Amino acid sequence: VAARPARLALLTLGTVLGIAALVSTVGIGQTAAGQITQRFDEAVATRVTVEVRLRPDPDGTQVALARLPWDAPERLTRLNGVTAAGTYARVDTGGQRVSGRPVDEPGGAGRRDVPVAAASPGLFAALQATLRAGRVFDAGHDERGDPVVLLGRHAAERLGIHRIDTQPAIFIGDQPFTVIGVVESVGARAEVLDSVVMPVGTARARYGLTALDVVEIRTELGAAQLVAGQAPVAIDPNYPD
């Protein structure tokens, strides 16, 4: 100790730094894990979904016992504890593929098999969605059946849409749709990030959408159980089952 004090000081410093690095790494990791767990717990604890019950037919197909009403979100937002509600449905485009260019490449190479979905304006708040750019469509777009869409970030990358300040359009078959926003993330229903999402009114007018798949509901903390019990009655009081 007395013969080589510099070596002792460096050895002590190295030990202290090593322990500090270990404690910091473990502490940061545990803190991040705790924050992620808390975030997911809140997302799960405030999410309610309502779907129509299906009945198997003898031929092996599934038959819906009822239909979700088009105004289900309006009926649900009147419930105490509901902060947002929106509907979601897959859209059958009749085999028409999606392109980000107005002119087809030879052999249709520019066409993509991107899923197309329909949503009511409140869906994005119910999914706690964040936007990379632009805005979500509103009730006016829905009521008029405007040809506007939002793209999930994966769908935007596949279609070559990187900015929307130039008002880009995509094409489903030969029908143009203006891109008004790009969804960066969602708290649930991750398929939105891979999809082209149009207003429900647009899907009904242009593709004959006849039924909704699900209603997504976001509640206040502690209200999910209550809302889950009340939602079926609010949506269809004659057939709450």
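The values are calculated or read from the model by the stated rules, or taken from the named source; none is laboratory data. Keep in mind that this is a model prediction, so the values were computed, not measured. Note: ideal-geometry Cβ built from the backbone for every residue, glycine included; neighbour counts use all protein chains shown. Only protein heavy atoms, including side chains, enter the accessible area calculation; ligands, DNA and RNA are left aside. Shrake-Rupley method; radii C 1.70, N 1.55, O 1.52, S 1.80 Å.
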Would you tally the residues in the range 57-69 being open to solvent by less than 90 Å² (accessible area, probe 1.4 Å) and more than 16 Å from PRO240 (Cβ to Cβ)?
4
Residue pairs within 8 Å by beta carbon, gap of at least six or interchain, first lying in the range 184-198 and exposed (fewer than 15 other Cβ atoms within 10 Å of the Cβ), second of a type in the set (Val, Ile, Thr), listed first then second, are GLU184/THR130
List, please: which pairs have Cβ atoms under 8 Å, are six or more places apart or on different chains, and start with a residue in the range 2-19 that is at pLDDT below 90 and end with one that is among the β-branched types (Val, Ile, Thr) and open to solvent by 90 Å² or more (accessible area, probe 1.4 Å)?
LEU8/VAL1
Residue by residue through the range 164-183, note down the ones that are open to solvent by 10 Å² or more (accessible area, probe 1.4 Å) and either of a type in the set (Gly, Ala, Ser) or more than 20 Å from the chain's Cα centre (by Cα) (or both).
ASP165, THR166, GLN167, PRO168, ALA169, PHE171, GLY173, ASP174, GLN175, PRO176
List the strands (runs of 3 or more DSSP E) that sit entirely inside the range 125-241 and contain at least 3 residues that are under 27 Å from GLY100 (Cα atoms).
130-134, 148-152, 169-172, 175-185, 196-199
Here is a list of conditions, (1) in contact (Cβ under 8 Å) with a residue 24 or more places away in the chain; (2) over 16 Å from ALA119 (Cβ atoms); (3) surrounded by fewer than 17 Cβ atoms within 10 Å (Cβ to Cβ); (4) among the hydrophobic types (A, V, I, L, M, F, W, C), and ALA205 meets all of them except one; can you say which number that is?
(2)
